[in-house]
Amino acid sequence: MGNFNGRSVVVTGGAQGIGRGLSEGFARAGASVTIVDIDKASANQLTETLRDDGFTAQWVFADVSRAADAERAITSAIAAYGGVDVLVNNAGIQPMGSYVNVEAETEEGWDRIIGVNLKAHFLMSKYAIPSMRERGGGVVINIASVQGLQSQPLVPAYAASKGGVLSLTRNMALDYASENIRVVAINPGTIDTPMVRTQALAAGNEDELVEQWGGLHPIGRVGQPSDIANAALFLASDQASFITGEHLCVDGGFMAQGAWASETAD
């Protein structure tokens, strides 16, 4: 997927789930990785593991929905590794108990989901792009969701945030193409992460439900964080130098099927 030696990569929400897979993938490809996360225990453990294995990584505690924290995270990457070449805006939330319609959604709940899932992408990009410009170019990868294209019931803020990420991706790609800064998005399907496991456990039999959810994907399983990392490594590499403003569904074929997919054809 390319050699990232000498490149500085920032991954938000980089300590668990998809983010952990991204941090590990870029570190093992030779990048110097800045893991941005509020989960102290997971971030410390991952950073120590990567360093013990001979890779280069640091952790920055930051709530990326806050401007001061986002700026500090980028400043830390610049101070440690000389700049930023790749920014992966991965941090995202869908809290348990927040599956409601717009009438039942609170302003606080809406603002928190939009803040982490969308505003943070804007803030991190705002502070990272000047460094990319100084280094002659770079790549912003926004982790969106298949729910940015279609939706399930009772996730208005989450769906709005992910749709917003895709629109932001297209706009930024146009604004920065002339400066050799590419902006792309990845839409994961169901990925086997702690968040998915927590949701499955709350709903019943954890393993059984994860298997059932996997069965909804034509490929017959849920994805792994490494599946998203592999896509990100390609999109960040020079092999994808002519790709910008686009999104890639890494979803086991989920978006290829229509609402009629389970119906018997006449």
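Restricting to the stretch 202-218, name every residue that is under 26 Å from Gly14 (Cβ atoms) and either exposed (fewer than 14 other Cβ atoms within 10 Å of the Cβ) or basic (Lys, Arg) (or both).
The initial filter retains those residues of the stretch 202-218 that are under 26 Å from Gly14 (Cβ atoms), namely 202, 206, 210, 213-214, 217.
Answer for the stretch 202-218, where residues must be under 26 Å from Gly14 (Cβ atoms) and either exposed (fewer than 14 other Cβ atoms within 10 Å of the Cβ) or basic (Lys, Arg) (or both): just Ala202.
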It is to be established whether one or more residues within the stretch 47-63 are under 15 Å from the mean Cα position of the chain (by Cα) and open to solvent by 40 Å² or more (accessible area, probe 1.4 Å).
no
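Please indicate, with yes or no, whether at least one residue in the stretch 29-36 is over 16 Å from Ala236 (Cα atoms) and either open to solvent by 40 Å² or more (accessible area, probe 1.4 Å) or touching a Lys or Arg at 6+ places or on another chain (Cβ under 8 Å) (or both).
Going through the stretch 29-36, the residues over 16 Å from Ala236 (Cα atoms) turn out to be 35-36.
Cutting the leftovers down to either open to solvent by 40 Å² or more (accessible area, probe 1.4 Å) or touching a Lys or Arg at 6+ places or on another chain (Cβ under 8 Å) (or both) gives us none.
Within the stretch 29-36, none of the residues are over 16 Å from Ala236 (Cα atoms) and either open to solvent by 40 Å² or more (accessible area, probe 1.4 Å) or touching a Lys or Arg at 6+ places or on another chain (Cβ under 8 Å) (or both).
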Residue pairs meeting the criteria (Cβ under 7 Å; at least 6 apart or on separate chains; first touching a residue at least 12 places away in the same chain (Cβ under 8 Å) and at positive phi, in the stretch 117-137; second in a helix (DSSP H, G or I) and among the acidic types (Asp, Glu)):
Gly137/Glu179
Residue among Gly92, Gly21 that alone is open to solvent by less than 30 Å² (accessible area, probe 1.4 Å) and within 23 Å of Val222 (Cα to Cα):
Gly21
Do the conditions hold for Ala104, that is, is it open to solvent by 30 Å² or more (accessible area, probe 1.4 Å) and part of a helix (DSSP H, G or I)?
no
When only residues in the stretch 176-199 that are surrounded by 15 or more Cβ atoms within 10 Å (Cβ to Cβ) and among the hydrophobic types (A, V, I, L, M, F, W, C) count, which is farthest from the chain's Cα centre (by Cα)?
Ile181
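The values are calculated or read from the model by the stated rules, or taken from the named source; none is laboratory data. The model shown is predicted, which means the values in this text are computed figures rather than measured ones. For neighbour counting, all protein chains shown are included, and Cβ atoms are generated from backbone atoms with ideal geometry for every residue, glycine included. Just the protein is used for accessible areas: all its heavy atoms, side chains included, with ligands, DNA and RNA removed. Shrake-Rupley method; radii C 1.70, N 1.55, O 1.52, S 1.80 Å.
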